[in-house]
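Novice: Dropping a structure here in structure tokens format, bear with me for questions.
The values are calculated or read from the model by the stated rules, or taken from the named source; none is laboratory data. The structure displayed is predicted, hence computed values, not measured ones. So basically every Cβ, Gly included, is an ideal-geometry build from the backbone, and we count neighbours across all protein chains shown. To get the accessible areas, we keep the full protein, side chains included, count just its heavy atoms, and leave off ligands, DNA and RNA. Shrake-Rupley method; radii C 1.70, N 1.55, O 1.52, S 1.80 Å.
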Amino acid sequence: MDVKMEESWKEVLKPEFTKTYFQQIVTFLKTEKMAGKTIYPPGSLIFNAFNVLPFQQVKVVILGQDPYHGSGQAHGLSFSVQKGVAPPPSLINIFKELHTDIGVPKPSHGDLTHWACQGVLLLNASLTVRAGEAMSHSKIGWAEFTDNVIRKVSEQKKHVVFILWGRFAQEKQALIDETKHFVLKAAHPSPLSANNGFLGCRHFSKANEYLISQGLDPIDWKL
């Protein structure tokens, strides 16, 4: 598998690429392809989160669980969809909270690349999925890879805001050194749980307040 990734990430994550679990991911994906399965996102975008944002520039991590499994949606950034694709329900709730929290008008699209380019690592725990089958690649080894990504960010950087929405994301809190990073937690923005504390969490303004307090530029959340 061609790991299309910005050079600083390649350096940080180099030990992972030779490990058995990573080779097993590569083999699994090749087998799926040979069996005629459609996999999202397309190969060139699997590592998109690491390609649009150098390691040194990470300021915020927003952790998702699984790529969208509908045609044309996933492009390697958690919660984001490609331009021209209708925003899914979770993203609609994220935009609602953005508006309530900091007055950002409802965007005309669901592409969050603008956030990524400013330092927001939009990381899914699984980086691939079989078309139409949610969580179908969640047990193939991706969790080990992305857990190590979180560990590396925690160990090698400081003053990063980790935004953990939902129980799944909050289980990753143990990987984060909270003596030098800022963790924000709330319910998942899915319509099933958004009213249990996601709507009204004000994570966008809180993240920026923290970044400013550490002498860092805030994120422009407008799209």
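Novice: For region 1-17, what are the residues that are assigned to a helix (DSSP H, G or I) and either small (Gly, Ala, Ser) or surrounded by 14 or more Cβ atoms within 10 Å (Cβ to Cβ) (or both)? Break it down into steps so the answer makes sense when it comes.
Specialist: Of region 1-17, the ones assigned to a helix (DSSP H, G or I) are 7-17.
Selection gives SER8, TRP9, LYS10, VAL12, LEU13, GLU16, PHE17.
Novice: Taking helices (runs of 4 or more DSSP H) that fall entirely within region 18-123, which contain at least 2 residues that are of a type in the set (S, T, N, Q)?
Specialist: Values: elements: 20-34, 48-51, 89-102, 113-117.
So the answer is 20-34, 48-51, 89-102.
Novice: Give me a count of the residues in region 187-203 that are of a type in the set (S, T, N, Q) and open to solvent by less than 50 Å² (accessible area, probe 1.4 Å).
Specialist: Number satisfying all stated conditions: 2.
Novice: Among the residues of region 19-55 satisfying the criterion of being within 17 Å of SER8 (Cα to Cα) and of a type outside the set (A, V, I, L, M, F, W, C), which is most open to solvent (accessible area, probe 1.4 Å)?
Specialist: Across region 19-55, the extreme among qualifying residues is ASN51.
Novice: Regarding region 95-103, can at least one residue be identified that is β-branched (Val, Ile, Thr), touching a residue at least 60 places away in the same chain (Cβ under 8 Å) and farther than 19 Å from GLU7 by Cα?
Specialist: Yes, that holds for at least one residue.
Novice: Moving to a separate point now. Hey, could you check region 150-161 for residues that are out of contact with any helix residue (DSSP H, G or I) (no Cβ under 7 Å at 6 or more places or on another chain) and open to solvent by less than 40 Å² (accessible area, probe 1.4 Å) and say which is nearest to SER213 (Cα to Cα)?
Specialist: LYS157
Novice: Still on this model: Is it the case that LYS206 is in a helix (DSSP H, G or I) and either in contact with a Cys (Cβ under 7 Å, 6 or more places away or on another chain) or surrounded by 15 or more Cβ atoms within 10 Å (Cβ to Cβ) (or both)?
Specialist: Numbers: in a helix (DSSP H, G or I): yes; either in contact with a Cys (Cβ under 7 Å, 6 or more places away or on another chain) or surrounded by 15 or more Cβ atoms within 10 Å (Cβ to Cβ) (or both): yes.
Taking the combined requirement at face value, the residue satisfies it.
Novice: Now, a different point. In region 169-186, which residues are within 22 Å of HIS99 (Cα to Cα) and either among the aromatic types (Phe, Trp, Tyr) or open to solvent by 20 Å² or more (accessible area, probe 1.4 Å) (or both)?
Specialist: VAL183, LYS185, listed by residue number.
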